[in-house]
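Q: Let me begin by handing over the structure; questions about it come next.
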Amino acid sequence: MANRVLVMDQAGGLTEQIRQALQDRCCSVRRVVSEEEGRRAARDGTSLLVLNPCVEPDTDFTSLERLVREVGSVPVVILAGCAPVAAASRVLFPGAARVIRYPLPPAALRQRLVEAMANGNGRHDATLSGLGEIVGRGAAMQEVYRLVLRAARSEATVLLTGETGTGKDLVARTIHDLSSRREGPFVVVSCADLTESLIESELFGHVKGSFTGANRDKVGLFEAARGGTVFLDEVVDASPAVQSRLLRAVEERRIRRVGSVESRPLDIRFIAASQVDLRRRVEQGRFREDLFYRLRVLHIPLPPLRERSEDIPALVTRRLERLAGRDELPRVCSPLAIEMLSRYRWPGNVRELFAVLEASATLKPVGAITEEDLPGEVRSTWSRRGMSDDEADTILRALEAADGRKNRAAAILGISRTTLWRRMRELGLT
C-alpha cells in the first residue's frame, strides 16, 4: 500500500514539490488547506503530515499547534523558511518529528521526508541554543524563549524586567522580528530622556503654528511606528506627566497632535522595559498602578548572567565571531580564560561581558585571548573561588596554562610564588 502524505498548503506549489521529491517512493501526496480537513485526512491512514507555518504572514499558529497535538501518532514535519522560524517551530511544535530548514534541494528534501516517515512519531529535541540574536541553552533561557514566542504571536502589551545589561532591548527586538508586525518599524522611546515640555510633541507630534517655533507639521514617535512596535525603554524613569500621557495612549490606542482637534488611531504594539521592580514602585507611590497593569499584560523576566553561567562559553564564542568579522582577524579564547569568565559574577551582565571581550581583543589584536588578557577583577575572582572549591585542581590548571612556569602560574592565581610553592608542598604537588 502506498504511503499517504498530507501537505497543508494554501498556494499549492509546495504540494507539487513534495510530490516530485517522493515520486519514486510510491507515495500518494494530497493537499489540504484547513486544520479541519487535515485532521479528518490524518485519521485515514496517513504516513506523514507536512506543514509550512510561515507561508502567510497571518498564519494561525494556534490552529497548527492544535492540529499537531490532535493527529496523535502521525509523524509531522515542519518546513521553516529561516533560522528564527526554525528555532521558534521547535518550541511551538514539540510534537513534530522534525523541523527542516526550507527551501532545500529536491534530493535533500526527499531524504528528510523519507527519514521522518521511517522514524514514525519520534520527537525532536525542543531545546534551543538561541533565538534570533539571543544566545543561551540553559533552563532559564528556555523559559525566556517560550515566553518570547508566545508574546510574538499576540498583540498584547509586554513588560520586560531584568537588571541592566540583561538584553531587554534585544528581547524586545526579537519579539518584533518574530511577530506579524515584523515588516513595520521598531521605534525606541527612551522614557528617561522625555522632558515634560516636549512630551506631547515628541510622542504625538504637532501641527504647524501650534506653538512658537512650530513652523511645520511634525509626526510624533507613536505615529512614526504605525504598523510596527514601540519599545518604551526604562519606563520606570518616566516622570508622572509622561506616565499620564503614556496611559492614555496605551489605553485608548488613539492620539491627538498638539494644536489639532483630530484624534488619530494608533496601529502599534507596545513593549516596555524596566530594570527595577515596577510593582515595588507602585507600592511606593512612584509609578501609576493603572499604567503598570496596562503594561504588564504579558511579563517576561530576564535572568541575570550569574544565574546562567552555563551560557557564557556560547556568548563568548558569538561575540568573538562578531569581533572577528569586524576586524577580519581570527578571535578565540583560551579554555582557562573561558573558565575564568564563567566564574565571574558579572554585575553588568551580558553588556559587561561583551565590553570585557572587546577590550581584551583590542589590547591583543593577534592570537588567542588568554587569562592574562582579562581584567584583574575577573582573574582574582576566579582564583579565590578556584582555591576554595578544589585548590589542587586549580593549581594544576594554572600550571598547565603557564606551561609549567611557576612565576606565571602564581600571577594567574593572584598569589605570590612563595605561597604557590608552599601550597604545592602541602597538597603533595611537588
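Coordinate-derived values only; no laboratory data. Keep in mind that this is a model prediction, so the values were computed, not measured. Virtual Cβ from ideal backbone geometry, glycine too; neighbours counted across all protein chains shown.
Q: Remind me, relative contact order of region 237-332 in percent, using alpha carbon pairs under 8 angstrom and six or more residues apart? Could you put the intermediate results ahead of the total?
A: Working: 50 pairs, mean separation 19.2, N = 96.
Across region 237-332, relative contact order equals 20 percent.
Q: Lysines within cross-link reach of Lys208: Cα-Cα under 21 Å, excluding same-chain residues under 8 positions apart?
A: Reachable lysines: Lys218.
Q: Test of understanding: what is the full-extension gain from Leu396 to Leu363, defined as 0.36 nm times their sequence separation minus their Cα-Cα distance?
A: Details: separation 33, 0.36 × 33 = 11.88 nm, distance 2.73 nm.
Value of the extension gain: 9.2 nm.
Q: Ok, one more. What is the spin-label model distance, in nm, from Arg39 to Arg216 if the labels are put 7 Å beyond Cα along the C-beta direction?
A: About 5.6 nm separates the two model spin labels.
Q: Which residues' amide hydrogens lie under 5 Å from the amide hydrogen of Arg4, considering only partners 5 or more residues apart or on another chain, with H built in the peptide plane?
A: Counting only residues 5 or more places away or on other chains, the set is Ser28, Ser47, Leu48.
Q: Amide H of Cys333 versus every other amide H placed in the peptide plane: which residues, excluding those fewer than 5 positions away on the same chain, fall under 5 Å?
A: Amide H neighbours of Cys333, under 5 Å, 5+ apart: Ile369.
Q: From the phi of every residue in region 269-280, what ³J(HN,Hα) in whole Hz does the Karplus formula 6.51 cos²θ - 1.76 cosθ + 1.60 yield, where θ is phi - 60° and glycine or proline is x?
A: 10, 9, 10, 10, 9, 8, 8, 10, 6, 5, 4, 4
Q: Please tell me the relative contact order of region 307-366 in percent, rounded to the nearest whole number, where contacts are Cα pairs under 8 Å and at least six residues apart.
A: Taking the mean separation of contacting Cα pairs over the length of region 307-366, I get 40 percent.
Q: How big is region 266-326 by Rg and Dmax over its Cα atoms, in Å?
A: Computed over the Cα atoms of region 266-326, radius of gyration and Dmax are 17.6, 48 Å.
Q: Given labels modelled 7 Å from the Cα in the Cβ direction, how far is it in nm from Glu155 to Ala108?
A: So the two model labels end up 3.8 nm from each other.
Q: Suppose every Lys and Arg Cβ carries +1 and every Asp and Glu Cβ carries -1, with no other charges. What dipole size does region 210-256 come out with about its Cα centre, to the nearest 20 debye?
A: Working: 8 positive and 7 negative charges, 66 e Å.
Charge dipole, region 210-256, about its Cα centre: 320 debye, nearest 20.
Q: On to the next question. Sticking with the crude label model, points 7 Å out along Cα→Cβ, report the distance from Arg182 to Leu198 in nm, one decimal please.
A: Here the modelled spin labels are 3.4 nm apart.
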